[in-house]
Amino acid sequence: MSFNPETRRLSIGLDNGTISEFILSEDYNKMTPVKNYQAHQSRVTMILFVLELEWVLSTGQDKQFAWHCSESGQRLGGYRTSAVASGLQFDVETRHVFIGDHSGQVTILKLEQENCTLVTTFRGHTGGVTALCWDPVQRVLFSGSSDHSVIMWDIGGRKGTAIELQGHNDKVQALSYAQHTRQLISCGGDGGIVVWNMDVERQETPEWLDSDSCQKCDQPFFWNFKQMWDSKKIGLRQHHCRKCGKAVCGKCSSKRSSIPLMGFEFEVRVCDSCHEAITDEERAPTATFHDSKHNIVHVHFDETRGWLLTSGTDKVIKLWDMTPVVS
């Protein structure tokens, strides 16, 4: 569903691919049908109503993205995605639409009145994209995934920066952003509500380096038969330091540490030298964790009140006062 409080317009996507539009009365006790859009060939997955352009954007299980004129009901255009879309965001200023899909890819399209052009696609998740959230002020896109992570894509910076945030033990299923405090709220299947402070200078996680032997002690890894034979040593299992990205053995990476500025709020494997270099200040958390006690599938944050609404697979809706942490 998509609801616009200014016009009280409610758009509902149906299993048969139709989008039904209603106007709610001022007291919210009556729904007046307005029109139907034959938008997709199968179930509608995401809907966005853009008041400034009078557009209705939608995606469906038919792997189609479409947009319609909300005044005439006419279909303006469409685009076929690589997989079923599961996240949809739109920037009014640039008319860029962001589509996240089950393959883990995010597609950016530039929309005109009756056509669209592909800007770029990017992939950073090892699982499907489950939620998208757009900050039009800082011009960053947040994507949540079934791989338990959130990635912040710096679209406005034009430097290709992608910051990874690791704070969930299950798939991330909903995202919301508080623009006035620059805090991201992520909710997942683990029941966790994580509030991230995005008003800090974060660091990108390094690329994992390839090597046939430990880059600390030069011990061969188990597939390096030549060095094993020459040195008469048994090969070791390969690991990677999350801070420097070097390929290391278990003995040279026996320590663990949180690295919040890299998005690792939980302790992760680091090599011994990086563990010694990380200061207590660098281990200071940049997120707060809260247990919702239900598997959250949808979230809505009201910035004016500081209230967070969550709904879960347990068919329960909960309302949270977030003013103590989102301020």
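What follows is calculated from the coordinates using simple rules that are stated; it is not laboratory data. Bear in mind that the values here come from a model prediction, so they are computed numbers and not experimental data. Cβ sites come from the backbone with ideal geometry, for glycine too, and all protein chains shown count toward neighbours.
Considering only Phe225, Phe301, Phe98, the mean-square fluctuation computed in a Gaussian network model of the chain, springs between alpha carbons under 10 angstrom, is largest for Phe225. The Leu51 and His300 beta-carbon pair, evaluated with R₀ = 30 Å, returns a calculated FRET efficiency of approximately 0.95. When the pairs Lys226/Lys246; Lys171/Lys243; Lys35/Lys110; Lys171/Lys246; Lys243/Lys315; Lys226/Lys255 are compared against a 32 Å limit on Cα-Cα distance, Lys243/Lys315 fall above it.
Ranking Val84, Val97, Ser70 by Cα position along the charge dipole of the chain, where only Lys, Arg, Asp and Glu carry charges on their C-beta atoms, puts Val84 farthest toward the positive end.
The mean sequence distance of close C-alpha pairs (under 8 Å, at least 6 residues apart), as a share of the length of region 1-120, puts its relative contact order at 15 percent.
Could you check which residue among Glu112, Glu204, Glu21 shows the biggest mean-square fluctuation in a GNM of the chain with a 10 Å Cα cutoff? Highest fluctuation of the listed residues: Glu112.
Only Lys, Arg, Asp and Glu carry charge here, each on its Cβ (+1 for the first two, -1 for the last two); on that basis region 1-133 has a dipole of about 420 debye about its Cα centre. The residue among Ala131, Gln238, Phe222 whose Cα reaches farthest toward the positive pole of the charge dipole of the chain, with charges on the beta-carbon of Lys, Arg, Asp and Glu, is Phe222.
Quick one: grab the alpha carbon gyration tensor of region 1-70, order the square roots of its eigenvalues as a ≥ b ≥ c, and give me rounded if a/c is under 1.5, else prolate or oblate depending on whether a/b is larger than b/c.
Numbers: a/c = 2.43, a/b = 1.64, b/c = 1.49.
Prolate shape, in that a/c is at least 1.5 and a/b is the bigger ratio.
Label sites at Leu14 and Phe225, each approximated as a point 7 angstrom past Cα along Cα to Cβ, lie 6.4 nm apart. For Thr313 and Glu282, the difference between the fully extended length at 0.36 nm per residue and the C-alpha to C-alpha distance is 7.5 nm. Under the simplified labelling scheme, the Lys232-Val137 pair shows an inter-label distance of 6.8 nm, with each label point 7 Å from Cα along Cα→Cβ. Along the axis of the charge dipole computed for region 160-222 (Cβ charges of +1 for Lys and Arg, -1 for Asp and Glu, origin at the Cα centre), the listed residues Leu184, Thr205, Gly160 are led at the positive end by Leu184.
GNM on the chain, alpha-carbon springs under 10 angstrom: the most fluctuating residue among Ser82, Ser146, Ser213 is Ser213. Seen from every direction in turn and averaged, the convex hull around the alpha carbons of the chain projects onto 19.6 nm².
The Cα-based radius of gyration of region 219-327, divided by its Kirkwood radius, gives an Rg/Rh of 1.24.
One decimal place: the segment Gln41-Gln179 gains 46.1 nm when fully extended, by the rule 0.36 nm per residue minus the C-alpha distance. Dipole size of the chain about its Cα centre, with +1 on Lys/Arg Cβ and -1 on Asp/Glu Cβ: approximately 1000 debye, rounded to the nearest 20. For region 98-229, rounded, prolate or oblate, judged on the Cα gyration tensor with a ≥ b ≥ c (square roots of eigenvalues), a/c < 1.5 rounded, else prolate if a/b > b/c? It is prolate, given that a/c is not under 1.5 and a/b is the larger ratio. Can you tell me how region 225-283 classifies by the Cα gyration tensor, rounded, prolate or oblate, using a/c under 1.5 as the rounded cut? Prolate, because a/c is 1.5 or more and a/b exceeds b/c.
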